[in-house]
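Notes for the one structure printed next.
The values are calculated or read from the model by the stated rules, or taken from the named source; none is laboratory data. Small disclaimer: the values here were computed from a predicted structure and weren't measured. Note that we place each Cβ from the backbone using ideal geometry, even for glycine, and neighbour counts take in every protein chain shown.
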Amino acid sequence: MSDKKLSLLVIAGPTASGKTALGIALAKEFDGEVISADSMQIYKGLDVATAKPTAEEKDGIPHHLISIIDMDSEFSVADYAKLAKEKITEISARGKLPILVGGTGLYINSLIDDVNFDNAETDGSVRKKLAEEAELLGIEKLYERLKAVDPETAAIVPVQNTVRIIRALEIYELTGIKFSEYKKMNKGTECPYDLCMIGLNYADRQKLYDRINQRVTVMYENGMVDECRAVFENERLGTVCQAIGYKELIPYFKNEADLESCLDKIRQSSRRYAKRQLTWFRRDERINWVNMDEINNFDKIIEICKKIVAKSKII
């Protein structure tokens, strides 16, 4: 049996940077299939506000790990890593190139760094206590506590992400070890794949922000408000209600704010999220960065990426 590692192409970067289109284009070039690395696109029914690619956008390219989990189901990073590994193996067995596309850094790194989740500390009573504190005091209070004990994790976890904040504090309370250190301790010895990573960015940050602002406008035009209202009215969906694009509309649904101010909040939250994504990905020296705004031609961007892949020798 061959010990050769399976090849994996990763396309990462901030929201609205053009990852979806590039992933599809490179899948055509290299006979590949796309695996999503987006923590919200995994859920069924969250389509518009999570910018899931449409059938037309996919253009015949198979996409995996999109719309596979019910909105009221729990889903962890460990669950994602397990499913993604299975998909990489399946796609490779068909003679295709697996292409991981997305902006959830924790998902991507847990997979390519082979993080061991088998011994993950967990305690239902501790988690329940923290959840009750979040409900009583507000998640902001727990976020401040996380900043005090583990500023490295707090810097990359959104303040509205209740699940990850509680998980990080749970690890700390159970082990006395910061979540950021815990991840390093459980990291695999080496990447299990022959890896090529491409990161998308914009030299002029305002151009990325303009794309984000425009995307929110398009989402609104495509029915985002109705989609989010359905989520808001379902009391079982507490976790997904914290996603960007959903929670900002809650004041509108409660008649506490007008629609345009809530849409502006979505734009602002999305811009801040993009900054956090870039902070995360910039730490990874394996990423080959492409500034999308410095090459005003998509065909040229594809050619540059093809050269990066060729140099990596993953195919």
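Among the listed residues T15, T20, which satisfies the condition of being part of a helix (DSSP H, G or I), polar (S, T, N, Q) and within 23 Å of P158 (Cβ to Cβ)?
Just a single option satisfies the conditions, and that option is T20.
Considering every residue within region 98-108, establish whether at least one is touching a Gly at 6+ places or on another chain (Cβ under 7 Å) and part of a loop (DSSP other than H, G, I, E, B).
So far as region 98-108 goes, yes, one or more of its residues are touching a Gly at 6+ places or on another chain (Cβ under 7 Å) and part of a loop (DSSP other than H, G, I, E, B).
Please find, among K58, K96, K44, K82, the residue that is among the charged types (D, E, K, R), surrounded by fewer than 19 Cβ atoms within 10 Å (Cβ to Cβ) and under 19 Å from Y246 (Cα atoms).
Numbers: K58 fails: under 19 Å from Y246 (Cα atoms); K96 fails: under 19 Å from Y246 (Cα atoms); K82 fails: under 19 Å from Y246 (Cα atoms).
Going through K58, K96, K44, K82 in turn, the sole match is K44.
Are there any pairs with C-beta distances below 6 angstrom linking a residue in region 153-180 that is farther than 12 Å from L142 by Cβ and in the same structural domain as K128 (by TED's automatic domain parsing) to a residue that is modelled with pLDDT of 85 or more and in a loop (DSSP other than H, G, I, E, B), with the two at least 6 apart or on different chains, and if so which?
K178/D150; F179/D150; S180/D150
Taking only region 271-308 into account, find how many residues are in a strand (DSSP E or B) and either farther than 14 Å from L208 by Cα or of a type in the set (A, V, I, L, M) (or both).
4
Here are some conditions: (1) crowded, with 23+ Cβ neighbours inside 10 Å; (2) of a type in the set (G, A, S); (3) out of contact with any Asp or Glu (no Cβ under 9 Å at 6 or more places or on another chain). A49 meets all but one. Which one does it not meet?
Evaluating A49 over (1) crowded, with 23+ Cβ neighbours inside 10 Å; (2) of a type in the set (G, A, S); (3) out of contact with any Asp or Glu (no Cβ under 9 Å at 6 or more places or on another chain) leaves (3) as the failure.
Return only the number of the condition from (1) surrounded by fewer than 18 Cβ atoms within 10 Å (Cβ to Cβ); (2) in contact with a strand residue (DSSP E or B) (Cβ under 8 Å, 6 or more places away or on another chain) that G176 does not satisfy.
Tallying (1) surrounded by fewer than 18 Cβ atoms within 10 Å (Cβ to Cβ); (2) in contact with a strand residue (DSSP E or B) (Cβ under 8 Å, 6 or more places away or on another chain), G176 fails exactly one: (2).
Do you know which residues across region 292-313 are closer than 18 Å to I24 by Cα and in contact with a strand residue (DSSP E or B) (Cβ under 8 Å, 6 or more places away or on another chain)?
Answer for region 292-313, where residues must be closer than 18 Å to I24 by Cα and in contact with a strand residue (DSSP E or B) (Cβ under 8 Å, 6 or more places away or on another chain): M292, I301, I304, C305, I308, V309.
Of the conditions (1) at pLDDT 95 or above; (2) not in a loop (DSSP other than H, G, I, E, B), A81 fails just one. Which one is it?
Unmet condition: (1).
Tally time: how many residues in region 10-30 are closer than 19 Å to K85 by Cα and either touching a Gly at 6+ places or on another chain (Cβ under 9 Å) or free of Cβ contacts under 8 Å to residues at least 60 places away in the same chain (or both)? Write out each step before concluding.
Residues of region 10-30 closer than 19 Å to K85 by Cα: 10-12, 23, 27.
Right, trim to either touching a Gly at 6+ places or on another chain (Cβ under 9 Å) or free of Cβ contacts under 8 Å to residues at least 60 places away in the same chain (or both) and you get 10-12, 23.
Residues in region 10-30 being closer than 19 Å to K85 by Cα and either touching a Gly at 6+ places or on another chain (Cβ under 9 Å) or free of Cβ contacts under 8 Å to residues at least 60 places away in the same chain (or both): 4 in total.
Taking the conditions exactly as written (β-branched (V, I, T) and either within 17 Å of the chain's Cα centre (by Cα) or not in a helix (DSSP H, G or I) (or both)), does V48 satisfy them or not?
yes
Within region 107-116, identify whether any single residue is without any contact (Cβ under 8 Å) to a residue 24 or more places away in the chain, aromatic (F, W, Y) and within 22 Å of R276 (Cα to Cα), and answer yes or no. Spell out the reasoning first.
First, the residues of region 107-116 that are without any contact (Cβ under 8 Å) to a residue 24 or more places away in the chain: none.
No, because not a single residue in region 107-116 is without any contact (Cβ under 8 Å) to a residue 24 or more places away in the chain, aromatic (F, W, Y) and within 22 Å of R276 (Cα to Cα).
Among E133, E74, E121, E173, which is the only one that is over 20 Å from R283 (Cβ atoms), touching a Leu at 6+ places or on another chain (Cβ under 9 Å) and modelled with pLDDT under 80?
The conditions single out E121.
Do you know which residues across region 129-180 are among the β-branched types (V, I, T) and closer than 23 Å to A274 by Cα?
I139, T153, I156, V157, V159, T162, V163, I165, I166
Scan region 132-152 and give yes if some residue there is buried (at least 20 other Cβ atoms within 10 Å of the Cβ) and within 21 Å of A81 (Cβ to Cβ), otherwise no.
no
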